[in-house]
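Please read the structure below before turning to the comments.
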Amino acid sequence: MSNEAICGELGQRLRETRLRLLLTQAVVAGEAGLAVNTVKNLENGKGTLASMVAVMRVLEALQPLNGLLPVPGISPLMKLHQSKPRQRARSRSHG
């Protein structure tokens, strides 16, 4: 799927969740501290991550985000070779 298609799918799922909870766009916008147009845009696959998180919080749908980016653990091998956690990655050589 393209990035646009994924955003559109996420927007559709937000809409379906909102409707299942019997909430209007205006109610969600008010509780999230956003404009109604922002909620409409999110449901159409447009908007910012911060706005999406605000709406997901209102819809009580943040829990699934924990599975998207689990807290990375330090491998035992890395622990042996590093005294401090890595702060940045080395750039890849493109060849």
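Numbers for the structure displayed
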read-out	value
Among LEU23, LEU59, LEU14: highest mean-square fluctuation, GNM of the chain, C-alpha pairs under 10 Å	LEU23
Local electrostatic count, LEU34, Cβ distance below 14 Å [Lys/Arg +1, Asp/Glu -1]	+2
Over the chain, relative contact order from alpha-carbon pairs under 8 Å, at least 6 apart, %	25 percent
Peptides 41-50, 61-70 ordered by average Cβ neighbours within 10 Å, highest first	41-50, 61-70
Carbon and sulfur %, accessible surface of region 9-68 computed with the full protein complex present, 1.4 Å	56 percent
Spherically averaged projected area of the chain from its Cα convex hull (nm²)	9.5 nm²
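The values are calculated or read from the model by the stated rules, or taken from the named source; none is laboratory data. Since we're looking at a predicted model, the values are computed, not measured. So basically every Cβ, Gly included, is an ideal-geometry build from the backbone, and we count neighbours across all protein chains shown. Accessible surface is based on the protein model in full, side chains and every heavy atom, while ligands, DNA and RNA are left aside. Shrake-Rupley method; radii C 1.70, N 1.55, O 1.52, S 1.80 Å.
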